[in-house]
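Read the structure below first, then the notes.
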Amino acid sequence: LILCPASLVQQWQERLFSMFDIRTAQYTPEQDVDRVDFWKLNPNVVASFHTLREDRKGRHDRMLQTDPWDLIIVDEAHHLNFDEAAGMTLAHRLIKKLQDADHLQSLIFFTGTPHRGKHFGFLALMSLVRPDLFDPRKPVDRQLSLLPQALVRNNKYHVTNLRGERLFQEPQVTTIAYHYNQPEDHFYHMMTEF
């Protein structure tokens, strides 16, 4: 099961097929009805977590009545936020529900922004990946050393294609001294005073 924003569903389907010859079904609420067992008919599914997160018309019950997922991938996983004051997002709650029902074996999150400066939300996200290691209600200092067991940081400049060729060039950084001319300097000081 691959969960991602709606705008990425088709891209996931196309890439899985073109790169790995994996055929997936796209989840739509119209196909997921009582008389048709969508989840048993489709072992590989790409779904928008914005659609699937809400338990409308028993869709979560039908998910839980089928076989457990061997792998769930969540792209843009920072959307599975858990704010200390506001509580869990519906997407976070869905993954937690599957986890509590022992309905997933492996979980992988992809995100470019796992930590938004709030330790509670970050540790809540990590607790979905490794509930045995992380708990947002425990002191953060004790959990930081555990991150390498569950988190892989990847710099895009290390990404290669299937032939091992780098896809991105490292930026060439040079320092250039710059000075304002008189009108720019005047404008800068005027804005600063304002």
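Here, each number is a calculation from the coordinates, and none is a lab measurement. All values derive from a computational prediction rather than experimental measurement. Backbone-built Cβ (ideal geometry, glycine too); neighbour counts: all protein chains shown.
Using the reciprocal of the averaged 1/r over all distinct C-alpha pairs, how large is the Kirkwood radius of segment 82-194 in Å?
18.4 Å
Where in segment 22-58 are there trypsin sites (Lys or Arg not before Pro) that are in a DSSP coil and have at most 13 other Cβ atoms within 10 angstrom of their Cβ?
23, 35, 56, 57
With contacts defined as alpha carbon pairs under 8 Å and 6 or more residues apart, what's the relative contact order of the chain in percent?
15 percent
Residue by residue through segment 58-75, what is 3J(HN,Hα) from phi via Karplus (6.51 cos²θ - 1.76 cosθ + 1.60, θ = phi - 60°)? Round to whole Hz and write x for glycine and proline.
Ordered by residue, 3J(HN,Hα) equals x, 4, 5, 4, 5, 4, 7, 8, 9, 5, x, 7, 6, 8, 10, 10, 10, 8 Hz.
Taking the Cβ of residue 14 as the center, what net charge do the other residues with Cβ under 15 Å away carry, scoring Lys and Arg +1 and Asp and Glu -1?
0
Which label belongs to the value computed from this structure, given these candidates for semi-axes √(5λ) of the Cα gyration tensor in Å: (i) 27, 21, 15; (ii) 39, 23, 19; (iii) 40, 24, 14?
(ii)
Would you please name the GluC sites (Glu not before Pro) within segment 63-167 that are DSSP coil residues with at most 15 other C-beta atoms within 10 Å of their C-beta?
Answer by residue number: 84, 165.
Which whole number in µm²/s is D for segment 61-116 by Stokes-Einstein, with the Kirkwood Rh taken over Cα pairs at 20 °C and 1.002 mPa s?
Approximately 177 µm²/s, per Stokes-Einstein.
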